[in-house]
Amino acid sequence: MDSPRRPTDRYAGDVIAAARAPRPRRSRDVPAEPGLVVEHRESGWCGAVVACEKAGGMFVVTLEDRRGAVRAYPLGPGFLIDGAPVTLTPPVAAAARALAEHRRAAERTASGSVAVTDRRATVARASRLYVEGRHDAELVEKVWGADLRVEGVVVEMLDGVDDLVDAIAAFEPGPGRRLGVLVDHLVPGSKETAIVEAVRSRRAWRPHVLVVGHPYVDVWQSVRPQRLGWRAWPQIPRGSSWKVGICQAAGWPHETQADLAAAWRHILSSVGSYADLEPALLARVEELIDFVTAPD
């Protein structure tokens, strides 16, 4: 009778089968270069990298699937390429290439202005630009940021324009304190038009305050639709959320505020310069910058 195998018997079991068993694959580091196709292991979402940016103290990578829907995930481990685990890292190579291209094209800023390379940012003026919200401010910064820093103009956000009269009064415009305001959806018959008319009726403010607007429901719409692969922006029925409707029409996630934020990041990433924006917005922003930087 055979004696029972002891736990310490190193020849126990199928040695050949153990040698053939697949070993867990190590995750390798891969820079999140634009266009890189990856799969998010936990959710199964597969898409190409369209943006990699720092948000809230951490890097976030945005993936776009073949239908144009986008999702954002924390940069790091948890991704697959052709079934192999990878850890996405900041796109160092892409950043180096972008920096080299930027230096070669440094004669112009994103706004089309002649770049100034031998001056530091000017100390901030007392004059200001007000825009309606965060997305407006981010778009202005991306296209006109270099110009505004040279001129020393600060952009501040309003939480809508319902209290615009009070906001201007609190700013106390006057000589040396000019204020330019950019308003969304400034079209005849809108509530925005009535608010702006109330501001323009203040005679004492006229030399020091300029309020202009663009016709778009939201600043998203000032981005040329061709940059997103569309002929025109989708038409959203009145009475429904415009941003949610845009995301639905595009097939993008839209259930949460984070989904809408990811949609905006995707739209903003499509803007490289003033040429990607509609003329109606370009003219108004340039008008405001000229106003607040003009001598009294």
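The values are calculated or read from the model by the stated rules, or taken from the named source; none is laboratory data. Since we're looking at a predicted model, the values are computed, not measured. When we count neighbours, we look across all protein chains shown, and the Cβ atoms used for this are built from the backbone with ideal geometry, even at glycine.
If you go through region 147-193 and pick out every residue that is out of contact with any Pro (no Cβ under 7 Å at 6 or more places or on another chain), among the hydrophobic types (A, V, I, L, M, F, W, C) and either touching a residue at least 60 places away in the same chain (Cβ under 8 Å) or part of a strand (DSSP E or B) (or both), you end up with 8.
Go through region 29-77 and report how many residues are assigned to a loop (DSSP other than H, G, I, E, B), touching a strand residue (DSSP E or B) at 6+ places or on another chain (Cβ under 7 Å) and buried (at least 18 other Cβ atoms within 10 Å of the Cβ). Outline the logic, then answer.
Restricting attention to region 29-77, the residues satisfying the condition of being assigned to a loop (DSSP other than H, G, I, E, B) are 32-36, 41-45, 56-57, 65-69, 75-77.
Subsequent filtering for residues that are touching a strand residue (DSSP E or B) at 6+ places or on another chain (Cβ under 7 Å) retains 32-36, 41, 45, 65, 75-77.
Keeping just the survivors that are buried (at least 18 other Cβ atoms within 10 Å of the Cβ) gives 32, 36, 75.
Total meeting the criteria: 3.
Taking region 211-233 on its own, how many of its residues are small (G, A, S) and buried (at least 18 other Cβ atoms within 10 Å of the Cβ)? So the answer is 2.
Looking only at region 194-231, count how many residues are basic (K, R) and assigned to a helix (DSSP H, G or I). Even if it seems obvious, please write down each step before you answer.
Residues of region 194-231 that are basic (K, R), as a first pass: 200, 202-203, 206, 224, 227, 231.
Pick out the ones that are also assigned to a helix (DSSP H, G or I) and you get 200, 203, 227.
Going through region 194-231 one residue at a time, the tally reaches 3.
Yes or no: region 112-126 includes at least one residue that is of a type in the set (V, I, T), at pLDDT below 90 and part of a strand (DSSP E or B). Yes, region 112-126 contains at least one residue that is of a type in the set (V, I, T), at pLDDT below 90 and part of a strand (DSSP E or B).
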